[in-house]
Structures are given as structure tokens and as C-alpha cells.
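Let me begin by presenting the structure, written as C-alpha cells, before commenting on it.
What follows draws every value from the coordinates through simple rules; no lab data is involved. Because the structure is predicted, anything quoted here is derived from the model rather than measured. Heads up, the Cβs are rebuilt from the backbone with ideal geometry, glycines too, and the neighbour counts pull from every protein chain shown.
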Amino acid sequence: MDNFKKKFIEEATDLLEGLEKSLLALEENPEDLSLIQQVFRVMHTLKGNSGMFGFEMIDSFTHEMETVYDLIRNGKLKATREILDVTLAAVDHLKLLLNEDNYNDPEVIGNHKELLSKVALLVKGDSASEQNAHADLNVEVNKSVEEKGEKTYYIFFEPINEIFDNGTNPLYLLDELHDLGKVEVFAHLNKVPSLNVLNPEFCYTYWEVIIATSASLNDISDVFIFVEDDSTIEIQEIADYNLLTDEIFIDDLKKLASTQNDIGLSSVQNLTKEANSRKVKDKIKSFNKDRSTSKETSISSIRVSADKLDILMNLVSELVTTQARLSLFAEENNIPGLLPIAENVQKLSRQLRDTAFSIVLIPIENMLTRFQRLVRDLSNELGKEVVFVTEGAETELDKTIIESLADPLMHILRNSLDHGIEDSDVRVKKGKPKQGRISLKAYYSGANVMIQISDDGAGIDPVMITEKAIAKGIISPDRKLTKREVLELVFLPGFSTARQVTDLSGRGVGMDVVKRKISDIRGEVEIESEFGHGTTITIKLPLTLSIIDGLLVKVEDTHFIIPLLVVDKIYAIDHEKIKKTFNNVVVLDGKQIPFFYIREEFDLNESQEKFEQVIVVNFEEKRVGLIVDHVIGEYQAVLKPLGKHYKNQDMISGATILGDGTVALVVDTNKIIKLFSKHEVFKIKEEEKPEK
Amino acid sequence: MNQENLSKINSYLSFKLGDEEFAAHVGKVLNILEMTKITEVPKAPVYMKGVINLRGTVLPVIDTRIKFGMTPTVYTTNTCIIVLDIDVDGESIYVGALVDAVQAVLEIDKNHILPPPSIGSKYKSEFIEGVANIDDKFIMILNMDAVFSTDEITNLRDKTEETEQTTDIEEIGS
């Protein structure tokens, strides 16, 4: 059962996410019927499933929401902002309700009640605003949906004969019952005596009433409050739902009433039982119907557990490693026919690798809804007008990357909203459009995915940043920093630029955390900002985390792999030339290129070879040469972690196993160059650490 | 086999570093490998010898001698890599330990393991689980988790600490 519950929660989470998306879209196009349908459907599915798995609070809650959207669907209500606000709040609440631990949280329960009353208000507000002419229709709508708390009662009412003497008209009492809910009245005249003994001032009629109402038993007996002393009144609950929607039940009642003198409680109860069993059958039927339709729509995709995908990815990695061994073996042993096979296996494993990767890639659209919601809610809260534009939502990324990306992106967006976008009057004064604009753009760039978040807000004040860095002792006052270096300062730990600590951002756990989280997934963050015009933050991410195409090189007798995507060109170079250069710059193709002699940087002896090779790699916007002994060739590297013992060697992003079983190290060129070049800013960071 | 069963076994793998003999509980030992080519990782601490390929995974190899404050291992035909399963903060990590020679698997009854001498030992007691006397030789039974989960060179021989407690410890144990 727990398993099913887990599945339900998973499914419900998906549904709610989809719901949020539809709601936000609905806000843009409140008239879009298909969106309303979608919302209604989600509510309906949630209701059905949650009921099945015992999430009663969700069941009852979605039921109410469903009512609202049913009204909207039928044109009885408009999808106003107010309704959407409540619905979005409801979505949040439902998410909480998915966790059963929250059921005892008084806050959640309070929230639950508050939302329920709000929802009830929405429905009521509707009927009040409706004109009388539509009232009937309206009631119809209300009745077609099972109201929560609606129960069916059996009432036996036999007034004393002298009831008219008090001036009471029993028919008025019946009218009053009509006001309470749906009523089926059976008047019995069998006690009316023959005309010769009939007293015209006596009431001989008695009634049996079946009433379906949300009113309580007390409310019903209140109707009879003035006559209860001298009348026979019996009120009995017969069902905890609206029995009168069941036409067969009513027909049977009528049949009984016409054949017998009176129906009697016991026969009503018998009929109720029959009705109950019918209801259950109906439910099953409609459930089956729901099932079969949903199956038809989802046949194009299947749900696979993430564990299975991980296993698949591991197997593919092993296959690629084994294939490398096969290729090597085929090359070394000249067995006729083996080489083509090895090549074929290589081709297949490459295809398999790409396909397997594409499975775990999911479009970033999946997390955009969350951001849209964040921008909407936050801008409301801050009283700022902001549009959030997304571009390239179909860009796909490894699911593990997406998972670890959500938090940092959220933080960046919060920063933009809180500190970036100015209040609308400030914006107007500055000659900007009143409405702020935040855009999230995702696109492919080689084997990387770039995510760019830009706002047209205030931008970062370089003077303020510098002052602050000096005040905090991060840099010395006489140090001249380039603009880029100044902006880089915001990524340093403990550097929060917000003058005031707000609820949203600026708690000092700012951009440094963002940077760290992104570098955890081998990504990089860059910041650009024009003071007064806005800020752009660019995140560069690898497409996948586990296999990269690399260039296999050798230094001394260690193999290194340089990610192919950063490699620009390879040149052969005379060893003497390197030795003679001054300031570590070589001229290649008429351009000056700074270089690093890997042997020297790794504390190895000078090479005895006459020629070495310069690999020119892209580093930020520059080109930098790395000198290695020689280049072996292209290689598909399955990245393996180096483990905890090497956690401080972050210039090596991992290791891979070569065809001959030895290990090659995968180099992170950016980190290696940064380490070698000992940038001003990076020096600061190193000095910072011991203080902490 | 779960931890409980493992701890009931009284088998220990003994190995040599120089002339001294040590032992590790077999529950910690996964494998004994012959010396293979170790890929050095640049800019790593000296005792981190590098990485090797252990059936498709990358295994860091530690020069146990350096780790224990001795001279670096000189590779001979007897040099072996013991693959250990180390528990670091509740996480199980595999490391390879370079040793001069692997000796034997010894059955040592729990009762024959003496507690580490609290004073008078030349080794830090936190790394020693106990001492066993086998054929008149004393074998140090090491707490592998403690030895290999620290970042620094552990310097098993506690001479560097010239604090009040070390003054009366000087070499009595030898």
C-alpha cells in the first residue's frame, strides 16, 4: 500500500505542477476554455485519486475547488484574479497536504479552514451576483455536483388534527423544508375520513418527506419548532450524501407510495441500501472510464524510476569503457576482421550513449513554472510591476543538473526582483518603462547549455561594491581592480551587497553559495552589469555529468584528458623556443598567446623531447596555451570521481579508465588556468580562507 | 555479510612496513592487489600516491609508509596494495594502502589481543586497536578507519608531540 501511496504522491506532485502552469497561463488568458478544462480535470483526478488513497483532506478540498472550476467551466463564474489567487494558494496548500506529517500541524489545519471558507465564499459570491432569472439554473448546477456535507433525511410529519386552530399551515412548513434543500414530498390522504364524518377544520393529511440538504438535523427540526409539541414528527438521517440525485431511488419511492398507504422508514432504508450499492458501482464505472481515457492520452510516454535510469547510465558508461579496451586490443593485434567489428561496436556504443543521455535530459521548462510563480508572488509582495519572459524553455539538461540548479536560479531571481528592479515610480523617473522586465534565456552553446538571467533594473554600483569590499577588508584600498574583477567580488563568501537585510535576499549567504552550487555541477557563473541599466548573470553548464568527449594527452607518463569543447587548436612547438620565451608568451599564427608549461606547473622535470605540443584552449574570452608532451587523440571519457581523498584537487574534475586499464585524469582547464595565473581576485580568495 | 557477523570473525591480515608488522581486521580488507601502475595526481599531498583502476572504478592509493611518517615506499616484488573499506563519517570509501609486504591471515582470539598500552607506547593509541603476541612477535592491530580517514600524515610514531604526556613515554615500549 505504501508503494501505491508513494506513486500517488509522485503523480499528484506532477499534477500540481502542471496545474500551477495552467493557472499561470490562465491568468494571461482568463477566457481560454481549454485551460479551464485542464484545471478542472486536474482537480477532478486529484480528487478521485486522493480519495482512493485515503488523503481525505485533499479529497474534500479538491472537491470544493472542482466546484468552483465547474462553475467557471459552465460560464457561471469568471476566472478572476481573486479566484486564481485563491487557487494558487490552494495549490501550495495541497502540496503540503501530500505530506501526511503535516496533518497535525495546527498551521496547516488553520490554513485549510481559511482556504475552504475562501473557496466557499467564491462559490457563494457567485450565486449572490447572479440574477434571479438564472437562479434556477444555478441551483441545478449546485445540485449536479455533490455538495460537501449534504445528507439525506427521512421526515415523518403527522400534525394533530387541530393544527389549523393555531393558525399554522403545514404546507408552509413544507415550503420551509424546500428552502433547505432538495425535497421529495409524499402526502398521504388515507386517514381522511369519509365525507359524513369529516371535520372541515381538521387536518387529516400526513406527510413523508425525503430531504437532501446540507443543513443539520437541528435546522430541520427547527422548522417544526412550533408544532413539535402536538404533532408526530420523526426525523432520521438515511444517507450521508444526496440520495435524491439517484433517479431510480426516487422512482422506487414513488412506486411504493402509490401502492402502500405510507412508505415507512424501514422501506426507505431498504431502498437506501440499494441506492448505496448502485452508487459504488457507478463510482467504479466512472473511475474505470477515467482510467481508460488517461491511459490513451499518456501512451506516448512512460514513467521510469530514476534509479533505473541511473543503472542504465552506469551500464552505458561501463560499455564505453569496455569498448575502449576492445578498440585498443583490435589495434594492437592485427586479427583480420576484428578491426571492423571493434569499429562497429564503437559506433553503436556512441549511439547508445547519446540515446541514453537524451533519456535523462529534461527540458528546463519543468522548473520554469516555479520561477514564474516566484516572480508573480514576489513582485506582488514587493509592490513592483515585473514581467518574466522566458526563452528557450525547451532546452534540455541532465535531470540531476536541473535538480541542483533550481535553488541557485531561485536565488538569482530573488536578487533581481529585490535589488535589481526598482519601484515603478523610480523607474518612471529614470525614463524606463514602468514595468520591470526579467528574462531567462536558455540556449545551447557547443556541448554546454547557457542560462542567462537578465533584468533591466538598477544594476550593480561598482563604487559601492568596491567601498564595501574595502570596508570588509576583502581588498586593500589602494588596489585597482578591473570592472570584471569588481563584479567578481559579489561571489566572495560573506559579501552581501544589500544595504538592508530583507526577507528575500541579502542575508550574506548570497552569490557565493550560488557560485559554489553551480561549480558543484561543473558549471560556471559570470556576471555582467551596467550600473543603472541592469544586470545579466550567465550560467554555463555541461550538458551531462558523466561522459565527455576529450583530448587525450600525455605528460611524463601520466595521461590527461582535456575536454574537447574548450580546445581551440593544437600546435607543435620547439622545446628550445619555449625555454627562450620571456613572460610565458608564444606567438602562434601571428598572435601572442600566453601559455603554461604543464610539466613545470606540476613540478615535473623538463622534457627531453625536442618537440612538444601546445594546446590552445579557450579561457573566458582569451586563448591560453597549455604545453604537453604529446597529443594522443580524441577520447570518450567516462567521468569517475576521484573520491574524498582528492577533494582539494579541484583542477582535476575526475578520472577515466583507458583502454589498457590505466587511469587518465580529466583536467578542468578553467580551474587549472586560474590556479596557474594566480589572478588578483583569486589571490584574495586564498587569503580569505584562513580568516574564516 | 553484515557488520555484526564480520566483527565475530577473528581473522586479521598482517602486513609489513619496513621491519614492523601490523594487522588489519579482514572485515576491512576487500582485496589484495599486486603493484600496478599508479597514475599520479598532480598537486596532491605526498602520501597520496595516485589512483589506480579497480575493476572500473577509480581507487585512490595511499603510501602507508609516508602516512605513518616513514620514508616513501620503495617498490619491490613484495609491494602490494591492500584495498580497504574505510568508514569516513558514516560513509564507506574504498582506498588502496601501499604496503611493503603482505604476510598472512592470522586467527587471533579476542582474548589474546591486549589493549593498546595507554602509556609507554611509541604509537598513538587512537590508531591502535590492540596488540597481539604471535610467536613472540608483537603485532599492532590498526584501527583502519581512524588511520585512513584523517587528512594529515598521521605520524603514527608520536615523537612530534613534545607535550607533558610524551616526556615519560620515550621509547619505553621498544
Exercise. Relative contact order (percent) for chain A, with alpha-carbon contacts under 8 angstrom and 6 or more residues of separation?
Worked result: 8 percent
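What FRET efficiency would be calculated for the residue pair residue A:37, residue A:331, taking the C-beta separation as r and a Förster radius of 60 Å, to the nearest 0.05?
Working: r = 61 Å, r/R0 = 1.02.
Computed FRET efficiency for residue A:37 and residue A:331: 0.45.
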For this session: Quick one: which residues, 5+ away or cross-chain, put their amide H under 5 Å from the amide H of residue B:97? H built at 1.01 Å from N.
Result: B:62, B:82, B:83, B:84
Exercise. Which whole-Hz couplings ³J(HN,Hα) result when phi for each residue of the range A:37-46 is put into the Karplus expression 6.51 cos²θ - 1.76 cosθ + 1.60, θ = phi - 60°, listed in order with x for Gly and Pro?
Worked result: 4, 4, 4, 4, 4, 4, 4, 5, 4, 4
For this session: With only Lys, Arg, Asp and Glu charged, each at its Cβ (+1 for the first two, -1 for the last two), find how big the charge dipole of the range A:364-542 is about the Cα centre; round to the nearest 20 debye.
Result: 340 debye
Problem set entry | Estimated FRET transfer efficiency when R0 is 22 angstrom, pair residue A:463-residue A:484 (beta carbons, to 0.05) | 0.90
Exercise. What is the distance, in nm, between label points placed 7 Å from the Cα along the Cα-to-Cβ direction at residue A:513 and at residue A:171?
Worked result: 7.4 nm
For this session: Would you please state the base-10 log of I(q)/I(0) at q = 0.06, 0.07 1/Å for chain A, with intensities from the Debye formula using one equal scatterer on every alpha carbon?
Result: -0.56, -0.70
For this session: Quick one: angle between helix A:56-73 and the longest Cα principal axis of chain A, in degrees between 0 and 90, rounded to 10, please.
Result: 80 degrees
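Suppose every Lys and Arg Cβ carries +1 and every Asp and Glu Cβ carries -1, with no other charges. What dipole size does the range A:358-400 come out with about its Cα centre, to the nearest 20 debye? Please report the intermediate quantities before stating the final value.
Working: 5 positive and 8 negative charges, 37 e Å.
Charge dipole, the range A:358-400, about its Cα centre: 180 debye, nearest 20.
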Exercise. Counting Lys and Arg as +1 and Asp and Glu as -1, what is the net charge of the other residues whose Cβ lies under 15 Å from the Cβ of residue A:106?
Worked result: -3
Seminar exercise, completed: Which residues qualify? For residue B:88, with a placed amide H closer than 5 Å and at least 5 residues away or on another chain, they are B:93
Problem set entry | Isotropic mean projected area of the C-alpha convex hull, the range A:2-144 (nm²) | 8.3 nm²
Exercise. What is the extension gain from residue A:301 to residue A:476, computed as 0.36 nm multiplied by their sequence separation minus the C-alpha to C-alpha distance, in nm to one decimal?
Worked result: 57.2 nm
Exercise. For the Cα atoms of chain A, what angle does the longest principal axis make with the long axis of helix A:462-471, in degrees from 0 to 90, nearest 10?
Worked result: 80 degrees
Seminar exercise, completed: For the pair residue A:226 and residue A:214, the simple spin-label estimate (label points 7 Å beyond Cα toward Cβ) gives in nm 2.8 nm
Exercise. How far is helix A:338-360 tilted off the main Cα axis of chain A, in degrees rounded to 10, range 0 to 90?
Worked result: 40 degrees
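Suppose every K and R has +1 on its Cβ and every D and E has -1 on its Cβ; what is the size of the dipole of chain A about the Cα centre, in Debye to the nearest 20?
Values: 82 positive and 116 negative charges, 684 e Å.
Rounded to the nearest 20 debye, it is 3280 debye.
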Exercise. Calculated FRET efficiency, residue A:13 and residue B:109, Cβ-Cβ r, R0 51 Å, to nearest 0.05?
Worked result: 0.35
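Quote to one decimal, in nm, the extra length available between residue A:575 and residue A:162 on full extension: 0.36 nm per residue of separation minus the C-alpha distance between them. List each step's numbers first, then the result.
Working: separation 413, 0.36 × 413 = 148.68 nm, distance 12.51 nm.
Gain in length upon complete extension: 136.2 nm.
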Exercise. What is the fewest-to-most order of A:52, A:313 by other Cβ atoms lying within 10 Å of their Cβ?
Worked result: A:52, A:313
Seminar exercise, completed: Non-local residues with an amide H under 5 Å from the amide H of residue A:392, with H modelled 1.01 Å from N and Pro and chain starts lacking one, are A:442
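In which sequence would A:318, A:107 go, from the one with the fewest C-beta neighbours within 10 Å to the one with the most? Don't jump to the answer; show the numbers that get you there.
Values: A:318 13, A:107 9.
With the fewest neighbours first, A:318, A:107 line up as A:107, A:318.
Tell me the relative contact order for the range A:547-691 as a rounded percent, counting alpha carbon contacts under 8 Å between residues six or more apart. Could the numbers behind the result be given before it?
Working: 255 pairs, mean separation 39.6, N = 145.
With pairs under 8 Å counted, the relative contact order is 27 percent.
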For this session: Read phi for every residue in the range A:50-55 and hand back ³J(HN,Hα) as whole Hz from Karplus 6.51 cos²θ - 1.76 cosθ + 1.60, θ = phi - 60°, with x for Gly and Pro.
Result: 5, x, 5, 9, x, 8
Problem set entry | Length released on extending from residue A:603 to residue A:234, taking residue separation times 0.36 nm less the Cα-Cα span | 122.9 nm
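Before anything else, pin down the relative contact order of the range A:2-144: Cα pairs under 8 Å, at least 6 apart, normalised by residue count, whole percent. Provide the component values of the computation, followed by the final result.
On the way: 107 pairs, mean separation 32.6, N = 143.
It comes to 23 percent, rounded to a whole number.
Work through the residues other than residue A:192 whose Cβ is under 15 Å from its Cβ and net out their charges, Lys, Arg +1 and Asp, Glu -1.
Values: positive: A:191; negative: A:158, A:201, A:262.
Residues close to residue A:192 contribute a combined charge of -2.
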Exercise. Modelled label-to-label distance, residue A:403 and residue A:365, 7 Å Cα→beta-carbon offset: nm?
Worked result: 2.2 nm
Problem set entry | Integer Hz, Karplus 6.51/-1.76/1.60 couplings in order for the range A:75-88, x for Gly and Pro | x, 7, 9, 9, 6, 7, 4, 4, 4, 5, 4, 4, 5, 5
